[in-house]
Amino acid sequence: MAGGNKLNRQTHYPPETTNIMLIARMAATIKQAENRQSVLSAFANFVAKTVNVEETIAHKLLGDKFLQQIEYFRTQLGELFGDTETEPWFTAEGFRSLLALLGTNGQGIGTSSLSTYVHNCDALELAPKDREELDSFIDELYVNIEKESGSFLNCEGSGLYPLQSACNHSCAANAEITFPHGNHVLCLEALVDIQAGEEIFISYLNECSRERSRHSRQKYLRENYLFNCHCRKCEEEAGQADVTSEEDEEEEDATVDNMEDDTT
């Protein structure tokens, strides 16, 4: 895996939603499986469209600015992991579909062992003095960790979850994805009472993005998930001006700057 780690360090794009090491794990899963065709069929069940022909939308990851990086990934990973079963993945079109699969279905995994520990401490029934001492210890622990490693405490990754990927999007979702155990185990938690037979919706947008303008939300969903959203919230805001949120413009500028830094 040394070559794969070096590759991952050298190239930042395509963005984190297509964690390059997830492709390596997918290939390794096939290689180690007793029934390889069964595993390939399971991966094939995920949506892997590179374009939405009806809506004439192309996936953002496959834009012209990523062509060089995509080709580099394809040839290097093909040499590292390609075999009879996975060879179609590493053709030009196959790799584009693979990236679209990860970009559309990949679930970011952000967990923190420390936050789980703190959450469990909060649930303890303690005497007031003991509670004060524990809270003081935790506060000091956070301060000391930040001095050594900064405030970023999450362990991040990306995964594929067949049932979660079957949930449709709404900008006003009735459920959300959580990782309550501090590991890769995904849970789906209701945000409101959900009636029997009612469809479960999650949001493909993060918390900040959900508060942005309708135009900004639609733009992100078109570029990353290849559809125009017609959820209740979008329909209610249909009269809004097609104006991109300022935060989006700042992020796009930062993305261009990062890409230029990484390719120089």
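The values are calculated or read from the model by the stated rules, or taken from the named source; none is laboratory data. Here the structure is a predicted model, which means the values were calculated and not measured. All Cβ positions, glycine included, derive from the backbone under ideal geometry; neighbour counts span all protein chains shown. Surface accessibility is based on the protein's heavy atoms, side chains included, excluding ligands, DNA and RNA. Shrake-Rupley method; radii C 1.70, N 1.55, O 1.52, S 1.80 Å.
Summary of values
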item	result
Pair Glu71, His181: separation of 7 Å Cα→Cβ label points (nm)	4.4
Solvent exposure of the range 65-157 as accessible area per residue, Å², 1.4 Å probe	61
For the range 97-109, Karplus couplings with θ = phi - 60° (6.51, -1.76, 1.60), whole Hz, Gly/Pro x	5, 5, 5, 5, 4, 5, x, 7, 10, x, 9, x, 10
Extension gain, Glu87 back to Glu211 (0.36 nm per residue minus Cα-Cα distance, nm)	40.4 nm
Amide H contacts of Ile109 (H built 1.01 Å from N, under 5 Å, at least 5 apart or other chain)	Gly157, Ser158, Gly159
FRET efficiency for His230 and Asp64, using Cβ-Cβ distance with R0 set to 22 Å, rounded to 0.05	0.15
Compactness relative to 2.2 N^0.38 Å, alpha carbon Rg of the range 87-151	2.02
Net length gained if the chain between Glu34 and Asp122 were fully extended (0.36 nm per residue, minus Cα distance)	27.2 nm
Table column - 3J(HN,Hα) (Hz), the range 209-221, Karplus curve with 6.51, -1.76, 1.60, x for Gly and Pro	5, 5, 8, 7, 5, 4, 4, 5, 5, 4, 4, 5, 5
Peptide ranges 25-37, 131-143, 166-178 listed from the most packed, as the mean C-beta count within 10 angstrom indicates	166-178, 25-37, 131-143
Whole-Hz couplings from phi, Karplus 6.51/-1.76/1.60, listed for the range 118-127; x for Gly and Pro	5, 4, 5, 5, 4, 7, 6, 8, 10, 5
